Amino acid sequence: MNLRFTRFFPLLQLAVTSLPLRLVMCCLISVTYLTPAWATVVDVQNVRLSSAVDNTRLVFDLNAAAEYETFTLSNPDRVVIDLYRAQLNANLKKVDLGDSYLLEIRHSERDGNHVRIVLDVKQPVTINSFLLKPSAGYGDRLVIDLQGEAIQTTQAAPQPAPVLLRDVVIALDPGHGGRDPGAVGPSGKYEKHVVLTIAEQIAVLINQQPGMRAVLTREKDEFVALRDRMARARAAGADLFVSVHADGFTDPRVNGASVFILSQGGASSEMALWLAERENRADLVGGVTLDDKDDLLASVLLDLSQTATIESSLDVGAVVLERMGQVTRLHKKNVEHAGFVVLKSPDIPSILVETGFISNPDEERKLHEAGYQRRIAESISEGIYAYFVRRPPLHTQLAARKAGELTHTVVSGDTLSQLAQRYDVRLNDLKALNGLSSDVLVIGQVLQIS
């Protein structure tokens with residue numbers, strides 16, 4: 001049995017390192033054993049689970065700070081969470097375990113007000129746990145992070161598991177919506193409507209590109225808070241965030257399209273917010289968890305992530321602006337910088353595209369013409385695709401294709417002509433590369449694409 005204990009007493013906020021050991025022990029004993037029976041019973045109101053490649057996170061929503069203890073057991077592997085003076089009102093059976101480390105979540109009640117929750121895990125894990133105070137609309141929370149450990153094996157030279165190639169994900173954010181109409185043109189047309197149409201067309205074009213996938217932060221006329229738009233992009237695993245707008249100005253003569261990225265001032269204010277908010281620090285930023293880092297290291301890691309993100313944003317923004325300049329007049333010839341909230345994600349390159357000035361009568365008319373909308377959408381999608389073809393993220397189909405290593409495993413319903421169209425290769429070249437004399441495919445057959 002492997003025991004590792006972590007005990008927290010959120011009501012005891014003493015600088016114990018400065019007290020004599022005997023006094024410290026007396027304090028701990030008094031808190032642990034002499035707490036009165038009438039002490040507040042904590043309700044476990046809800047349980048949320050999220051999972052990454054090498055991390056599973058459980059969040060217990062509580063109505064007050066809890067006293068708890070965690071440890072691990074082996075043969076079989078389990079994680080035990082003891083909640084003292086607590087009661088479970090959440091339905092553990094409704095938690096979707098998905099691709100997490102968990103096989104099952106069980107619980108039992110002990111001594112009337114002691115809840116034990118047992119996590120049956122697929123492999124040995126390490127535990128990182130902490131309490132979060134109420135913030136951002138959430139109450140008290142207990143966060144349990146499970147990190148997978150390397151499994152010892154006696155097999156000689158095991159073969160590495162094949163890397164699953166993913167799509168490049170583009171989050172398209174139609175600005176405004178719902179009770180927020182955005183800018184209003186001279187004839188009364190709303191920005192929120194035109195940018196939704198253009199974003200939908202960009203999504204269609206992105207989805208036609210092999211190895212790319214688009215998601216929308218809103219698909220109808222609804223209000224979405226600015227930071228919720230960023231959160232939706234992060235939840236989708238976006239490689240790029242593109243906010244689509246139609247500018248407005250007091251002078252109706254001003255016109256032209258623009259591309260913005262985050263300013264350094266906006267980056268600095270966002271970094272301060274991330275470092276101040278513990279829940280933000282618990283998220284993954286640039287693939288690194290900040291909650292277990294001291295303030296200095298967290299600041300350095302976040303600064304590196306933001307710097308790289310802004311550089312990537314500038315690069316993709318320049319390509320998109322150049323393509324837009326081929327179909328419409330530009331307001332400025334270079335990518336501009338601003339502190340827009342939706343551009344402040346520290347780990348997702350983000351650009352804001354102004355498709356024109358809806359406050360300009362001529363551009364208001366064009367922004368509602370199907371032909372102009374299509375040309376703008378094509379120029380933006382072409383710029384995005386051109387950027388990612390040159391700089392594809394790791395473990396994506398575009399990266400494999402660039403390296404000449406792209407393959408496809410045949411599944412039910414696949415045809416050669418469909419695959420040739422999907423991967424943008426000629427049918428005869430696909431047959432020649434794989435030595436095929438007919439169009440017949442076998443399920444499970446691996447085809448070389450490039």
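The values are calculated or read from the model by the stated rules, or taken from the named source; none is laboratory data. Given the structure is predicted, the values throughout are model-derived calculations rather than measurements. Positions of Cβ are generated from backbone atoms using ideal geometry, with glycine treated the same way; all protein chains shown enter the neighbour counts. Surface areas here come from the heavy atoms of the whole protein model, side chains and all, with no ligands, DNA or RNA. Shrake-Rupley method; radii C 1.70, N 1.55, O 1.52, S 1.80 Å.
Results, tabulated for the structure shown:
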item: Hey, Asp99 buried (at least 18 other Cβ atoms within 10 Å of the Cβ) and not basic (Lys, Arg) or not; result: no
item: Residues located in the range 175-191, provided they are touching an Asp or Glu at 6+ places or on another chain (Cβ under 8 Å) and farther than 15 Å from Glu363 by Cα; result: Gly175, His176, Gly177, Gly178, Pro181, Gly182
item: Matching residues in the range 39-58 - criterion: being crowded, with 19+ Cβ neighbours inside 10 Å, among the hydrophobic types (A, V, I, L, M, F, W, C) and within 17 Å of the chain's Cα centre (by Cα); result: Leu58
item: Unmet criterion (only one of (1) open to solvent by 40 Å² or more (accessible area, probe 1.4 Å); (2) at pLDDT 90 or above; (3) more than 20 Å from Ala370 (Cα to Cα)) for Ala233; result: (1)
item: Top-ranked residue in the range 314-347 [being modelled with pLDDT under 90 and charged (D, E, K, R); ranked as surrounded by the fewest Cβ atoms within 10 Å (Cβ to Cβ)]; result: Lys332
item: Residue within the range 138-159 that is open to solvent by 80 Å² or more (accessible area, probe 1.4 Å), modelled with pLDDT under 90, in a strand (DSSP E or B) and closer than 30 Å to Val47 by Cα present; result: yes
item: Every pair of residues 6+ apart whose Cβ atoms lie under 7 Å, when the first sits in the range 73-102 and is within 14 Å of Arg48 (Cβ to Cβ) and in contact (Cβ under 8 Å) with a residue 40 or more places away in the chain while the second is of a type in the set (S, T, N, Q) and open to solvent by 80 Å² or more (accessible area, probe 1.4 Å); result: Ala90/Gln45
item: Counted residues, the range 170-196 - those being under 16 Å from Leu352 (Cα atoms) and part of a helix (DSSP H, G or I); result: 5
item: Subset of the range 197-239 (residues that are within 18 Å of Pro349 (Cα to Cα), assigned to a helix (DSSP H, G or I) and in contact (Cβ under 8 Å) with a residue 24 or more places away in the chain); result: Ala199, Ile202, Ala203, Ile206, Leu226, Arg227, Arg229, Met230, Arg232, Ala233, Arg234
item: Neighbours by Cβ (under 6 Å, 6+ apart or cross-chain): first from the range 363-383, closer than 16 Å to Ile170 by Cβ; second of a type in the set (D, E, K, R); result: Ser379/Arg323; Glu382/Arg323; Gly383/Arg323
item: Top-ranked residue of the range 107-124 - restricted to ones that are at pLDDT 85 or above and farther than 16 Å from Glu69 by Cα, ranked as surrounded by the fewest Cβ atoms within 10 Å (Cβ to Cβ); result: Gln123
